[in-house]
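Each remark here refers to the structure printed beneath this line.
The values are calculated or read from the model by the stated rules, or taken from the named source; none is laboratory data. These numbers were taken from a predicted model, which means no experiment stands behind them. Here the Cβ is made from the backbone with ideal geometry for all residues, glycine too, and neighbour counts use every protein chain on show. Keep in mind that these areas ignore ligands, DNA and RNA; they rest on the heavy atoms of the full protein, side chains included. Shrake-Rupley method; radii C 1.70, N 1.55, O 1.52, S 1.80 Å.
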Amino acid sequence: MARVRMRDVAEHAGVSVRTVSNVVSGYTHVSEATRARVQRSLDELGYKMDYLARGLRSGRTGFVALAVPFVVEPYFAALAQAVIQAAARRGITVLVESTGGDREVERRILAGGLTNVADGVLFSALTVPAADVPPTGPDFPLVMLGEHNVGDHLPRVGIDNVAAARTAVEHLLAQGCRRIVALGLNGSENGRQRAEGYQQALSAAGVRRVNWLVEPVADWTRAHGYATVRRLLEGSGPLPDAIFAFNDALAVGALRALDASGVRVPDEVAVVGVDDIPECAYTHPPLTSIAPDLDVIAERALSLLDAQTRGAGRPGDTGTRTGTGTGSGPDTTGVTCDDAADGGDSGCREGAGEDTSEGAQHWAGASEATPFRLVVRESSQRPPTAK
């Protein structure tokens, strides 16, 4: 069966090839009635975009890569979903890579290991040190996600971890807690920042240092949260009256350990986590948590990546790029038209490839702190008599 071409769709819908191209590319300036008519023809004829041909012509693949440590972890799964949805609104497909937090895998990504299939990379690193990154940064579009810092010259998007931790601990202090365990120090940048926020809150509240209780863990998992809290509860020292877990997985493990030991939550020990994974609403009791705005993280990261992909700078560039790079529409650099077999340029839409929107952005060191909020649930809401 012959492959359906864009010209076939145009004839079927009674429009020009240019109009079909604009609909396929997600171009916004097409009337809804025309878009619906073209879409019906696309569906009825079974048209499939030749992404390879389009990439060869425009120099772009239409794919971005998202590299995260563990896809199975709820936070990273939710982050991936947010990125996929935000990318879909731009007509972009996301390829997800799980690094396992392995330093060598992360080094290969920073060396461009995913750029043979993607226009750019959104990268949540876990272990790779700044020493593994060239001083000028990678030579491909890259945006770091989260708090692991591999160089201030790389654009990065994530919440202010110090402020988030401080907010969580201030909430516990407001509940009357004073012996608050910080659960999760593990040598990571995330852990360091959350420990800093914890210490800032206690210091500002005048809590004596003897009550600054930091419990290290090997990894931020339910199992390590459970084992560490069970060991803490079986010790000879006085019980803490609250636990600030550095992520929700640790907090879930802590809740299980408290329950197994007969400790009432929140009356005896209040618990707060970070990430606000869906599981928080269904633990016993439901878990208070810091909720990052993943939709904003995804949108801002893709905007920064889009601006780089359009040639407005690369990680480590020290120049200034004019324009905000919101990435609200399809790429108009080069030509968007039918597949290579059609030949010629009739029905193709050429774009200027220049963003002239107002504003200026230095890509060097362009880190963006995105919103977060404290979602208070029963695990930390102490009745007045328990304070």
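Could you please let me know if Asp132 is free of Cβ contacts under 8 Å to residues at least 40 places away in the same chain, among the acidic types (Asp, Glu) and open to solvent by 30 Å² or more (accessible area, probe 1.4 Å)?
yes
Do we find a residue being surrounded by fewer than 18 Cβ atoms within 10 Å (Cβ to Cβ), without any contact (Cβ under 8 Å) to a residue 12 or more places away in the chain and in a loop (DSSP other than H, G, I, E, B) anywhere in segment 98-106?
no
So Glu170 clears everything in (1) surrounded by fewer than 18 Cβ atoms within 10 Å (Cβ to Cβ); (2) over 24 Å from Gly253 (Cβ atoms); (3) touching a residue at least 24 places away in the same chain (Cβ under 8 Å) except one condition, right? Which one?
If we test Glu170 against (1) surrounded by fewer than 18 Cβ atoms within 10 Å (Cβ to Cβ); (2) over 24 Å from Gly253 (Cβ atoms); (3) touching a residue at least 24 places away in the same chain (Cβ under 8 Å), just (2) comes out false.
Can you name every residue in segment 108-121 that is surrounded by fewer than 17 Cβ atoms within 10 Å (Cβ to Cβ) and either modelled with pLDDT of 95 or more or of a type in the set (D, E, K, R) (or both)?
Within segment 108-121, just Arg108 meets the criteria.
Can you tell me how many residues within segment 155-178 are in contact with a strand residue (DSSP E or B) (Cβ under 7 Å, 6 or more places away or on another chain) and part of a loop (DSSP other than H, G, I, E, B)?
4
Scan (1) buried (at least 18 other Cβ atoms within 10 Å of the Cβ); (2) at pLDDT 90 or above for the single condition Gln85 breaks and write down its number.
In the conditions (1) buried (at least 18 other Cβ atoms within 10 Å of the Cβ); (2) at pLDDT 90 or above, Gln85 misses (1) alone.
Looking at (1) under 22 Å from Ala281 (Cβ atoms); (2) modelled with pLDDT under 95, can you tell me which one Ala218 breaks?
For Ala218, the failing item is (1).
Name the residues in segment 12-71 that are open to solvent by less than 20 Å² (accessible area, probe 1.4 Å), at pLDDT 90 or above and in a loop (DSSP other than H, G, I, E, B), would you?
Pro69, the sole residue that qualifies.
When residues of segment 190-224 are filtered for being over 20 Å from Arg256 (Cα atoms), in a helix (DSSP H, G or I) and open to solvent by 30 Å² or more (accessible area, probe 1.4 Å), how many remain?
9
Just for segment 368-382: of the residues that are farther than 14 Å from Ala164 by Cα and in a loop (DSSP other than H, G, I, E, B), which one is most open to solvent (accessible area, probe 1.4 Å)?
By that ranking, first place goes to Gln381.
Among the residues of segment 220-251, which ones are within 21 Å of Ile159 (Cα to Cα) and either among the charged types (D, E, K, R) or out of contact with any Leu (no Cβ under 6 Å at 6 or more places or on another chain) (or both)?
Scanning segment 220-251 gives Thr221, Phe244, Phe246, Asn247, Asp248, Ala249.
Within segment 73-93, track down each residue that is free of Cβ contacts under 8 Å to residues at least 24 places away in the same chain and in a loop (DSSP other than H, G, I, E, B).
Within segment 73-93, Arg89 is the sole residue that qualifies.
Considering only residues of segment 99-143 that are in contact with a Phe, Trp or Tyr (Cβ under 9 Å, 6 or more places away or on another chain) and hydroxyl-bearing (Ser, Thr, Tyr), which is nearest to Leu302 (Cα to Cα)?
Ser124
Any chance you could count how many residues in segment 178-208 are at negative phi and either hydrophobic (A, V, I, L, M, F, W, C) or in contact with a helix residue (DSSP H, G or I) (Cβ under 8 Å, 6 or more places away or on another chain) (or both)?
Of the residues in that region, 20 qualify.
Yes/no matrix, rows are residues, columns are (1) touching a residue at least 12 places away in the same chain (Cβ under 8 Å); (2) open to solvent by 50 Å² or more (accessible area, probe 1.4 Å); (3) in contact with a Lys or Arg (Cβ under 6 Å, 6 or more places away or on another chain); (4) more than 14 Å from Gln199 (Cα to Cα):
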site: Phe123; (1), (2), (3), (4): yes, no, no, yes
site: Leu142; (1), (2), (3), (4): yes, no, no, yes
site: Gly146; (1), (2), (3), (4): yes, no, no, yes
site: Leu154; (1), (2), (3), (4): yes, no, no, yes
site: Ala164; (1), (2), (3), (4): yes, no, no, no
site: Gln175; (1), (2), (3), (4): yes, no, yes, yes
site: Ile180; (1), (2), (3), (4): yes, no, no, no
site: Leu183; (1), (2), (3), (4): yes, no, no, no
site: Ser188; (1), (2), (3), (4): yes, no, no, yes
